[in-house]
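Read through the structure below, which is laid out as structure tokens, and then see the notes.
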Amino acid sequence: MKFLRILFILPLFFLFIHAQTITIRKSSDPIPSVQNDRLPATIKIAVISSPKVIGKYTQSVYNVSMATLMSRLNDQYEIKRYDMPDESTDALSQVLDEVRHDGMDGILAPLTAAGAKNFTALDTRIPVFIPTVHKRDIPSAPDNIAFGGIDYVAQIEALLPYMSDSIAIFYDNSSVGTQLKSITEEVFLTHKGIKKKVASYPVDLKGDNIISHLSKPSVFAKSSVILHIPVVKSAVLTAHMTFTGVKERNILSTQINIDPTLLTLTQYQDRKNMILANSLIEFPSAIYETNALMNNDITVDWIQYATSVGIDYLVSELSGDPREYSMRLINSQVIYPVELLRAKEFGFEPLTSR
């Protein structure tokens, strides 16, 4: 009997010696943190801009940046907004010092062309993406700075086959408006010949001179009317063309008028001859869905779209992970595709659609 008791106790003795301590934890007890050296490093992105210069886009660019980071990195990121009084060299230099002090890894900088020129002259070193400017405007920028501005030259060249031998360009006095006017004139005359007819019509700040420009409807007969003005002014102009009986060949525009507002401010009769160039085509599902949840519409606002492209690029540069967008970068510039759309009765449709 003793022998049987020893046989029973002996295994329990060895189990006691070699067993690890088991702790039963109450649900209210704090759970100790687990150290994991393989957790991905946090990526820190700075968004620098001047609210005084780019206005409402200061907040919307930040919102898109945050949503796109969330879609790519879950919670392994930090984002910080740096506001500047203007885009002067002094203001940019000061904000760069703050960015360095905070140990940020990359910069998204929605700047004007003038601000971008000042910025590229400074020593940045870390990856930078400027979503609002095309590399063509700053060819000498350092290699660590990439650009995401829409290629208006490519868009105007895509519209060229639909231009008649006579064009009427309506433009405003903004830097973008005057640039688009010059690009259109150069592309048109280079490909169509200098004997073709080009007329340009500046539109004032409030659009008050639109009516006077259209006082002689016959001037625009069989012409291609090209709109380099914001959507509200475009709506006023096209409506007045219908009212005065202008018999244009067609109405052409670039990305500037790809906006649902155009559909609500005009009647179908006003826009039935309209063809628009569009470069907002690719929408990776995770990036699109996260932005949609945060009420960011990257499908029509090209600055918001280019911002999402830029954040995706910076994440790839800093983490080594593949980009979600497939558009190539050549010479540090995103190469956007171009498609032509018609402004139909209930939306924008590809030109080839029936």
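The values are calculated or read from the model by the stated rules, or taken from the named source; none is laboratory data. Treat the numbers as computed from the prediction; the structure is a model and nothing was measured. Positions of Cβ are backbone-derived with ideal geometry, glycine not excepted, and every protein chain shown enters the neighbour counts. These accessible areas exclude ligands, DNA and RNA; they are computed on the full protein's heavy atoms, side chains included. Shrake-Rupley method; radii C 1.70, N 1.55, O 1.52, S 1.80 Å.
Return yes or no: is Tyr171 in contact (Cβ under 8 Å) with a residue 40 or more places away in the chain, open to solvent by less than 50 Å² (accessible area, probe 1.4 Å), of a type outside the set (S, T, N, Q) and touching a Lys or Arg at 6+ places or on another chain (Cβ under 6 Å)? Considered against the rule, which asks whether it is in contact (Cβ under 8 Å) with a residue 40 or more places away in the chain, open to solvent by less than 50 Å² (accessible area, probe 1.4 Å), of a type outside the set (S, T, N, Q) and touching a Lys or Arg at 6+ places or on another chain (Cβ under 6 Å), Tyr171 comes out as yes.
Residue pairs whose Cβ atoms lie under 6 Å apart, sitting 6 or more positions apart in sequence or on different chains, and linking a residue in the stretch 141-162 that is over 23 Å from Asp301 (Cβ atoms) to a partner that is part of a loop (DSSP other than H, G, I, E, B) and open to solvent by less than 40 Å² (accessible area, probe 1.4 Å), are Asn144/Pro127. Tell me, yes or no, whether the stretch 329-340 has at least one residue that is over 30 Å from Gln76 (Cα atoms) and either touching a Leu at 6+ places or on another chain (Cβ under 6 Å) or surrounded by 21 or more Cβ atoms within 10 Å (Cβ to Cβ) (or both). Yes.
Conditions (1) of a type in the set (D, E, K, R); (2) under 16 Å from the mean Cα position of the chain (by Cα), marked per residue:
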| position | (1), (2) |
| --- | --- |
| Ile45 | no, no |
| Ser50 | no, no |
| Tyr57 | no, yes |
| Asn63 | no, yes |
| Arg72 | yes, no |
| Asp75 | yes, no |
| Ile79 | no, no |
| Asp90 | yes, no |
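Of the residues making up the stretch 233-246, none is within 27 Å of Glu345 (Cα to Cα), of a type outside the set (S, T, N, Q) and under 22 Å from the mean Cα position of the chain (by Cα).
For every residue, the table says whether it meets (1) of a type in the set (A, V, I, L, M, F, W, C); (2) touching an Asp or Glu at 6+ places or on another chain (Cβ under 9 Å).
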residue: Gly149; (1), (2): no, yes
residue: Leu159; (1), (2): yes, no
residue: Tyr171; (1), (2): no, no
residue: Ser174; (1), (2): no, no
residue: Thr184; (1), (2): no, no
residue: Asp204; (1), (2): no, yes
residue: His228; (1), (2): no, yes
residue: Thr244; (1), (2): no, no
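In the set (1) closer than 27 Å to Val315 by Cα; (2) in contact with a strand residue (DSSP E or B) (Cβ under 8 Å, 6 or more places away or on another chain); (3) among the charged types (D, E, K, R), the condition left unmet by Lys197 is number (1). Output yes when any residue across the stretch 302-309 is touching a Pro at 6+ places or on another chain (Cβ under 6 Å), open to solvent by less than 70 Å² (accessible area, probe 1.4 Å) and either at positive phi or among the polar types (S, T, N, Q) (or both), and no when none is. Among the residues of the stretch 302-309, at least one is touching a Pro at 6+ places or on another chain (Cβ under 6 Å), open to solvent by less than 70 Å² (accessible area, probe 1.4 Å) and either at positive phi or among the polar types (S, T, N, Q) (or both), which makes the answer yes.
Out of Thr120, Thr124, Thr58, which single residue is within 23 Å of Arg328 (Cα to Cα), surrounded by 17 or more Cβ atoms within 10 Å (Cβ to Cβ) and of a type in the set (Val, Ile, Thr)? Residue meeting the stated conditions: Thr120.
For the stretch 193-298, no helices (runs of 4 or more DSSP H) sit wholly inside it while including 3 or more residues that are exposed (fewer than 13 other Cβ atoms within 10 Å of the Cβ) and among the polar types (S, T, N, Q). Cβ-Cβ distances below 9 Å connect the following pairs, each with a first residue in the stretch 272-290 that is farther than 16 Å from Leu69 by Cβ, a second residue that is part of a loop (DSSP other than H, G, I, E, B) and among the small types (Gly, Ala, Ser), and a separation of six or more residues or different chains: Glu282/Ser326. The single condition from (1) buried (at least 16 other Cβ atoms within 10 Å of the Cβ); (2) touching a strand residue (DSSP E or B) at 6+ places or on another chain (Cβ under 7 Å) that Asp165 fails is (1).
Say whether the condition of being outside any loop (DSSP other than H, G, I, E, B), open to solvent by less than 20 Å² (accessible area, probe 1.4 Å) and either small (Gly, Ala, Ser) or more than 21 Å from Glu248 (Cβ to Cβ) (or both) is met by at least one residue in the stretch 150-161. No, the stretch 150-161 has no match at all.
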